[in-house]
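Contents: one structure, followed by commentary.
The values are calculated or read from the model by the stated rules, or taken from the named source; none is laboratory data. All values derive from a computational prediction rather than experimental measurement. Here the Cβ positions follow ideal geometry from the backbone for every residue, glycine too, while neighbour counts run over all protein chains shown.
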Amino acid sequence: MDTIYYLIQNMLPVAIPLLLVALGGMFSERSGVINIALEGIMLFGAFFGALFVYLVQDSSMGPQTILLLGMIVAAVSGIIYSLMLSFAAVTMKADQTITGTSLNMLIPAAILLFSKMYFNSDGITTSKSFYIRKMPVLGDIPIIGEMFFQKTYLTVLIGLLFLVAAVIIFYKTKFGLRLRACGEHPQAADSVGINVYVMRYAGVSLSGLLGGIGGFFYAVGVMDGNVNGHTGVAGFGFLALAVMIFGQWKPIRILFAALFFAFLRTLAYSVSLIPFLDNLGIDQTYYKMLPYVATMVVLAFTSKKSRAPKAEGIPYDKSQR
Amino acid sequence: MENYIIEMLNITKEFPGIKANDNITLNLKKGEVHALLGENGAGKSTLMSVLFGLYQPEKGEIRKNGEVVKVNNPNDANALGIGMVHQHFKLVEIFTVLENIILGVEPNKMGFLQKQEAREKVVELSERYGLKINPDAVIEDISVGMQQRVEILKMLYRDNEILIFDEPTAVLTPQEITELLKIMREFANEGKSILFITHKLNEIMEAADRCTVLRKGKYIGTVNVKESNKEELSKMMVGRDVNFKVDKEDAKPKDVVLSVKNMTVPSKHHKNNAVKNVSLDVRAGEIVCLAGIEGNGQSEFVYALTGLEKMIGGSITLSGKDITNASVRERSVAGLSHIPEDRHKHGLVLEYSLEQNMVLQRYWQPEFQKNGFIKFDAVREYSEKLIDQYDVRSGQGPITTVRSMSGGNQQKAIISREIDKDHDLLIAVQPTRGLDVGAIEYIHKQLVARRDAGKGVLLVSLELDEVMNVSDRILVMYEGEIVGELDPKKSTVQELGLYMSGAKRNTKKEIDNAG
Amino acid sequence: GDDGYEIALITDKGNIDDKSFNQGAWEGVIAFATENEISHTYIKPEEASDSGYLAAIDLAVEGGAKVIVTPGFLFEVPIYEAQTKYPEVKFILLDGSPHTADYSVFETKENVASIMYSEEQSGYLAGYAAVMDGMRNLGFMGGMAVPAVQAFGYGYLQGAEAAAVELGLGDGEVQVTYHYTGNFEENDTNKATARTMFQEGTEVIFACGGAVGKSVMSAASEADTKVIGVDVDQRYDSETVITSATKGLAASVVSVLDAIYNTDSWATYGGTTTYFNAANDGVGLPTEVIGDASADAFDRFESFDKAAYDAVFNKLASGNVSLLRSIEVADPSGAATAEELVSALNLVKVEVTTR
Amino acid sequence: MQDKKRVSQKNKYSIKNITKGSGFSAFSSALLAIALGLIFGFVIMLFANPGSAFKGFNYILTGGLSRFGNVLYFATPILMTGLAVGFAFRMGLFNIGASGQYTMGMFFALYVGFMWDLPTGIHWIVAILAGMLGGMIWGFIPGIFKALLNVNEVITSIMFNYIGMYFVDMWIRSNSTMYISTMSRTNYVPLSAQIPSLGVEGSNVNFGIIFAVILGIVLYIVLEKTTFGYELKATGFNKHAADYAGMKGKRNIVLTMIIAGGLAGLGGAFLILSPSGIAGSSMTYEPVNIIAANGFNGIAVALLGNSHPIGIIFSSFFISHIQRGGSLANLVGYKPEIIDVVIAVIIYFSAFAMIMNAALGRFIRKYITHKEVEVPVIEPDASEEIKKEAE
Ligand SMILES: Nc1ncnc2c1ncn2[C@@H]1O[C@H](COP(=O)(O)OP(=O)(O)OP(=O)(O)O)[C@@H](O)[C@H]1O
Ligand SMILES: Nc1ncnc2c1ncn2[C@@H]1O[C@H](COP(=O)(O)OP(=O)(O)OP(=O)(O)O)[C@@H](O)[C@H]1O
Ligand SMILES: [Mg+2]
Ligand SMILES: [Mg+2]
């Protein structure tokens, strides 16, 4: 039982960034813009979130307050960075994959440059701990409390709130309806007076917001509030893309996909706790590959029938018939 | 001055290199059905898009009830009570009917959708006008006719009083057309004003009060339909007398070239099969036409025939050779030429030059390559020959990028390529779609010439006139099955329509006897 | 400065904040150069290869460097070349001694100071202290199995064994989980590994791999367990750090630079290999808290104190304890098996599991 | 569409003569993007340290000239990965997996270099070929996933970058001939397996660059002169038309990915088998679980070179050139990462440089040749005649 608690407690802080970023990708792609830049957006958000933490960590603010403020900083930075994507992809009608790739290349280099210039370092190292031993009230609920609200981060709770918000926005609001229309049939949306450009900017900006927060939550829950230009977010942005595809561009499925990956990843590092696996004596490396291999296996089975938003990747041109 | 609800005065709209609308004036009375007639590219859709706010004209003004209004986008149009059913439906396929109807004018409380409210209104409207729909059906699952009803409901839902129909009948069966025209009249009687675009003179005669004719972007005139006739209208439209009949002699069918037995093809869109157990023969020296309303399996049938899609049952024999499992290339070599339905999707590599496209089916033949290296001179020579022979016009001849060519000439390029290639059977799928009268005439001649040269021709068309005029034998496809065989000389368009809509069908035996 | 930079440090693969060689050496350079107002810089090689390092040295010389600090054994071959190529430039090579690529010739020219550290002594003190303090379930997380890390680790085991013997514990009563992370990074893999170890009951982990320590500390603070730091005194990085097995990287660089610029005694270092060990106070556990003379550097132990430390340190310094710094390892990655460790290091009281 | 037509009608003064024209505009677009990227870099330098900005910028622009051997040396691997990305791109495949293919190629080359005993003169050639094979295998996998299972190659490639890297690192660490644990890196490659040097003083530039350039030219010929190239580009432009024409789309996808992988693998081999100026030394590899950056630089090279093999040759030289300059800028205190930033910015702009360029061109034409540009208005049907006349 301890092991199960342990696995869940360790899985969630990993699953949440994946979930948020994949949700971000979903908003962007369902509005019609392929967002390969998620990796870069995450890193950008993580960097500014961490920079904020670094600047205020010695103040008297409590860690959870700092975390919330840092989240806002990360969200805003994510949005700003994502505007570079929307500008190129929506306004300038540039190739979305190329733009995304360039944005992914830009940010690690910029972090290295900046950090070396100002900190003589490869990134930002903070010293604030955001770990929560036990959340008040919630942590006392039997079983559930120990699984979800002990030995964890506030990010888990916030992440789940974001999921709920995303589902509601996506399916229950007029904004969501319009956004989805733009990713499927922008001409149709245009013909009923929806501004496709604005909706795509909105979709990409939401991915910036969620990507930035996801990046910061990755930094908090996985990297202890640190960020550097070398490891970046370790391919989490790309994994999130895979999660999004696996989740068929739908929020609840994305949640399960994110949990699935996070579980494998946690398992990979916890082999020695699980006697059955430990006894197999398989090289650690294979476990490290597991999330990536699992992605491939899953995609191999789901891709045939996977259905991407119809208009994604195609710049919308009003004058094109 | 009469009391017009809408006046479009001196509208000029240019696209790069082309004046789509040149000083056009159009007046719409309240409560009338006003037809807009013109050849392909005459500027009808453009004019309507200007009215609907999709395009901004360079010159001219729009008035509503005598007051100048600005229509900068569809929202403005909507506010002015103008609604439009587009030539190509603008529906989001994965949305439900209801979602499509409310899109853009969603009833909401603080941004949250209030679908129940919308549903009530939609159901009420659909009952009132007899536009049967299921609000929860997903668009991709419903028929084209039903989709059009959704488009119409979209306008009604917005309480529009000026309704624009851009070629609404192109995709409908004669029966559905009659139904639609009735509904349009009903709208007019209710006081709504209708703008109705069509190429079909019959429809205008039947339903319209007045008709405005455009030609090559210019305004030709407006007539009262009751005081005019088909001949006058068509003359206004093309500027000369039109010969609607294709000159050809009777067919002299010889051996069977193509024999399809029990073909079954699965659908990509729904669970049913798109083509169900279809058998047919095409003989040398005849034009067989596969008629039917779009979406009844003709496309899938052709794709399976040419090897672009997989079939799950049946067999195909071409000139005595079994090609059931052959690849696209093998079928082509065995004597199949294919003028595809969608020239931009399948027929051409738009970024390639004309000459590169001319050898799209043949680049691998020894004539054009040696050890894998392309013989550029041979390609040039060959394409020049085709260009010359088939009068394919383009800016720079063989090196023109095909994307820059007009649709008609793109089509000519494909036809020349497919005809010139050694073949026993020519499959032509909607070869005249979107082309003007001149080009259509030319293509019909070519098809007949192929027939007369002793080739089999399988024509797939949605245009009833084309079907009746060009073919020697008509097979009607409905919901993936061949439901009737007709002799064009002995049947009427009405009869054909009944088959197409599934209202009438031959028994299997009758078909066998006829064939 | 206008005429370029007089002291240049070339980083190996990491950056100067790697919590390891580069950082230690760079701190030494900064400390000395700022105090003495000498221009200084660091250069990252374009390519992590011998010729890439040599090219970086070329660039530094081109930029006006008179003294070049090269942290890490990866510079052994490049320095062998450079010492002849630039006879007028002084090189401080940490943790290595110049030789040819095929190891046929070892030669440290007059213009090269080769510096080595007795990490096994430092590790010994850490292991000894932990067991003496009452801990029985120990962990070791090294970076990669390079000589310095191995020496720390082997010393750690030997120290634990020595303390167990001294305490008269039974065979196998002390358990050590021994692991190389395969990198010198702070990352979630390392943190998860540490977490897992703590979850299994490990009381303290000797985090011996540069930035790996950050991961371990964070895992420890979450699990309420302890960490032993490495290289420099890491008590300021985290409350969980009870002590650190230090080696005087910065101090040694400062000493050599001081010899060059201030005391004119380059000859003591130039042309030879100098060992920094317990005897010359080059390694050990911290005994003072910076900025607070009255504070007790051993306050995070339960019972182990300065007196106990001094006793064991003096034994080492006097050369009475002989320690193994390297052992025969079959695995090509350099990771020893439990059996290899137990037999080569004569462990009886200490039981080892590797991971 | 209409736009191009108009130009072609008036080709007396048009700058776009379809084939040459598009090449030209790609070139000038690249220049525009480069200029913007460099300006961006300069602005950063001004911010960081205004005093040395001009000196530093001058290093970046011209520094590479004095170290031409190294420019070529460092261009070799990125030229190969650039070709790997660019070639696949022509087929419409975004091969972001060049990194993994490169790493695999490097491992295969190393393996043959260390484990096979072959005569000097043959050994390095076999090792290079082995590298190619390694890359091919790692390109084949995403190809198969794409062709048979319809899995997006971008995701597959990224996953296989990681998988490949983990495999290689594991294999290397467990091989005592190849790996020196005390150095945490591979051993020196046997002399017989090293590629002969070109003997440029102070540089390891070797025959690899010559092979790489030749391969670039070969690819150009394949793409432009052969039926395979014809098929490949046709598929890239319009895969439906390719199917319609009976081209074997799936086979071509797999083949393209194999070739692309082989190219990237060669890049890895060229790099790891490079000779060293220091006797007995060589390139080494550290199995520290880091994705090879040269694979990603290849994306930059390919995009800047407009996926055209000859363009890629030049863009690899250019990128290597400013990278060397960036290292020199170290001398006046600038961090070489600035070059990576500049490159990323260049790619960002190059994604829509064509559009900017066209807009710029229109603008210039409008104000310079004001009258001529006055678009002759063509009536829909009259257009045919006018085109006829223009011929
Ligand atoms: N967005 C556009 N950009 C450039 N040219 C256009 C555009 N839309 C229409 N045109 C051109 O303007 C002319 C008029 O087109 P329009 O669609 O209005 O014709 P139409 O009368 O509706 O023809 P059809 O009967 O084929 O629907 C055509 O030559 C067409 O190519
Ligand atoms: N959106 C557009 N932008 C620019 N040119 C266009 C556009 N649409 C059509 N054209 C051009 O206008 C001319 C005639 O177009 P039109 O739409 O009437 O052709 P079409 O025969 O209907 O062919 P298609 O079915 O391909 O549209 C062609 O030269 C075409 O390339
Ligand atoms: Mg139209
Ligand atoms: Mg048309």
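The condition of being within 12 Å of chain C (Cβ to nearest Cβ), outside any loop (DSSP other than H, G, I, E, B) and of a type in the set (Ser, Thr, Tyr) does not hold for A:Ser303.
Considering (1) farther than 26 Å from B:Glu190 by Cα; (2) among the polar types (S, T, N, Q); (3) near ligand 1 (Cβ under 9 Å from one of its atoms), the lone condition that B:Asn23 does not fulfil carries the number (3). Within the option set B:Leu163, B:Leu131, B:Leu156, being part of a helix (DSSP H, G or I) and either over 22 Å from A:Lys318 (Cα atoms) or touching a strand residue (DSSP E or B) at 6+ places or on another chain (Cβ under 8 Å) (or both) holds for one residue only, B:Leu156. Give me the residue from the stretch C:206-240 that is within 18 Å of C:Ile290 (Cα to Cα), hydrophobic (A, V, I, L, M, F, W, C) and surrounded by 24 or more Cβ atoms within 10 Å (Cβ to Cβ) and, out of that set, farthest from the other protein chains (Cβ to nearest Cβ). Looking at the filtered set, the residue picked out is C:Ile228.
One line per residue, one yes/no per condition, for (1) within 16 Å of ligand 4 (Cβ to nearest atom); (2) modelled with pLDDT of 85 or more; (3) assigned by TED's automatic domain parsing to the domain that holds B:Ile164:
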| residue | (1), (2), (3) |
| --- | --- |
| B:Leu180 | no, yes, yes |
| B:Ser193 | no, yes, yes |
| B:Phe196 | no, yes, yes |
| B:Met205 | no, yes, yes |
| B:Arg215 | yes, yes, yes |
| B:Val223 | no, yes, yes |
| B:Lys230 | no, no, yes |
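So that you can scan it fast, the table gives a plain yes or no per residue for (1) within 14 Å of chain D (Cβ to nearest Cβ); (2) modelled with pLDDT under 95:
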site: A:Gly78; (1), (2): no, no
site: A:Thr91; (1), (2): yes, yes
site: A:Thr99; (1), (2): yes, yes
site: A:Tyr118; (1), (2): yes, yes
site: A:Tyr131; (1), (2): no, yes
site: A:Met135; (1), (2): no, yes
site: A:Met147; (1), (2): no, yes
site: A:Val167; (1), (2): no, no
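Against the test of being surrounded by fewer than 17 Cβ atoms within 10 Å (Cβ to Cβ) and more than 16 Å from ligand 1 (Cβ to nearest atom), the options B:Asn3, B:Asn108, B:Asn100 yield a single qualifying residue, B:Asn3. Here A:Gly123 passes the criteria (1) more than 22 Å from A:Leu209 (Cβ to Cβ); (2) within 12 Å of another protein chain (Cβ to nearest Cβ); (3) over 21 Å from the mean Cα position of the chain (by Cα); (4) not acidic (Asp, Glu) except the one numbered (3).
In this structure, does B:Gly104 turn out to be at pLDDT below 90 and at positive phi? Answer is no for this residue.
Identify, please: which residue in the stretch B:36-86 is within 13 Å of ligand 3 (Cβ to nearest atom) and touching a Ser or Thr at 6+ places or on another chain (Cβ under 6 Å) and is, among those, farthest from the other protein chains (Cβ to nearest Cβ)? Walk me through how you get there before you give the answer.
Step one: filter the stretch B:36-86 for residues within 13 Å of ligand 3 (Cβ to nearest atom), giving B:36-50, B:52, B:54-55, B:84-86.
Restricting the remaining residues to those that are touching a Ser or Thr at 6+ places or on another chain (Cβ under 6 Å) gives B:36, B:55.
Details: B:Leu36: 16, B:Tyr55: 8 Å.
Top of the filtered list is B:Leu36.
Here is a yes/no grid of residues against (1) assigned to a strand (DSSP E or B); (2) more than 10 Å from chain D (Cβ to nearest Cβ); (3) away from ligand 4 (no atom under 14 Å from the Cβ):
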residue: B:Glu384; (1), (2), (3): no, yes, yes
residue: B:Ser394; (1), (2), (3): no, no, yes
residue: B:Gln411; (1), (2), (3): no, yes, no
residue: B:Asp422; (1), (2), (3): no, yes, yes
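Could you run through the stretch C:12-33 and say how many residues are within 23 Å of D:Tyr285 (Cβ to Cβ), out of contact with any Phe, Trp or Tyr (no Cβ under 8 Å at 6 or more places or on another chain) and facing chain A (nearest Cβ under 10 Å)? Of the residues in that region, 1 qualify. Picking from residues in the stretch B:50-61 that are surrounded by fewer than 23 Cβ atoms within 10 Å (Cβ to Cβ) and not in a loop (DSSP other than H, G, I, E, B), the one that is farthest from ligand 2 (Cβ to nearest atom) is B:Glu61. When only residues in the stretch B:35-44 that are surrounded by 24 or more Cβ atoms within 10 Å (Cβ to Cβ) and farther than 12 Å from B:Lys218 by Cα count, which is nearest to ligand 2 (Cβ to nearest atom)? So the residue we want is B:Leu36. Given the structure, is A:Ala202 within 14 Å of chain B (Cβ to nearest Cβ), more than 14 Å from the chain's Cα centre (by Cα) and crowded, with 24+ Cβ neighbours inside 10 Å? No; evaluated as a whole, the condition is false for this residue. Of all residues in the stretch A:233-246, those satisfying the criterion of being over 11 Å from the mean Cα position of the chain (by Cα) and either over 26 Å from C:Glu185 (Cβ atoms) or more than 13 Å from chain D (Cβ to nearest Cβ) (or both) are A:Ile245, A:Phe246. Taking only pairs six or more apart or across chains, which ones have beta-carbon atoms under 8 Å, a first residue in the stretch B:189-201 that is outside any loop (DSSP other than H, G, I, E, B), and a second residue that is of a type in the set (S, T, N, Q) and more than 16 Å from ligand 2 (Cβ to nearest atom)? Final answer for the pair search is B:Leu201/B:Ser234. Taking the options C:Ile79, C:Ile92, C:Ile68, name whichever one is more than 10 Å from chain D (Cβ to nearest Cβ), assigned to a helix (DSSP H, G or I) and in contact (Cβ under 8 Å) with a residue 12 or more places away in the chain. When all the criteria are applied, what remains is C:Ile79.
Hey, can you tell me all the residues within the stretch B:9-18 that are of a type outside the set (Phe, Trp, Tyr) and within 16 Å of ligand 3 (Cβ to nearest atom)? Correct list: B:Ile11, B:Lys13, B:Ile18.
Here is a list: A:Phe48, A:Phe52, A:Phe44. Which entry is modelled with pLDDT of 90 or more, within 14 Å of another protein chain (Cβ to nearest Cβ) and more than 13 Å from A:Val204 (Cα to Cα)? The match here is A:Phe44. Would you mind finding the one in A:Pro309, A:Pro291 that is in a helix (DSSP H, G or I) and in contact with a Lys or Arg (Cβ under 8 Å, 6 or more places away or on another chain)? Just a single option satisfies the conditions, and that option is A:Pro291.
For the stretch B:206-228, enumerate the residues that are surrounded by 21 or more Cβ atoms within 10 Å (Cβ to Cβ) and among the β-branched types (Val, Ile, Thr). B:Thr212, B:Val213 - these are the residues of the stretch B:206-228 that are surrounded by 21 or more Cβ atoms within 10 Å (Cβ to Cβ) and among the β-branched types (Val, Ile, Thr).
Yes/no matrix, rows are residues, columns are (1) of a type in the set (S, T, N, Q); (2) within 14 Å of chain B (Cβ to nearest Cβ):
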residue	(1), (2)
A:Ile158	no, no
A:Lys174	no, yes
A:Gly183	no, yes
A:Gly193	no, yes
A:Ile213	no, no
A:Phe217	no, no
A:Val222	no, no
A:Gln248	yes, yes
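Looking at this structure, is B:Gly313 crowded, with 17+ Cβ neighbours inside 10 Å and modelled with pLDDT under 95? No: the conditions fail for B:Gly313.
Residues that are buried (at least 21 other Cβ atoms within 10 Å of the Cβ) and more than 8 Å from chain D (Cβ to nearest Cβ) were ranked within the stretch B:342-367; the one that is farthest from ligand 3 (Cβ to nearest atom) is B:Val359. Taken as a whole, the structure places B:Ile220 among residues that are touching a residue at least 12 places away in the same chain (Cβ under 8 Å) and away from ligand 3 (no atom under 16 Å from the Cβ).
Yes or no: B:Ile427 in contact with a His (Cβ under 6 Å, 6 or more places away or on another chain) and outside any helix (DSSP H, G or I)? In short, yes.
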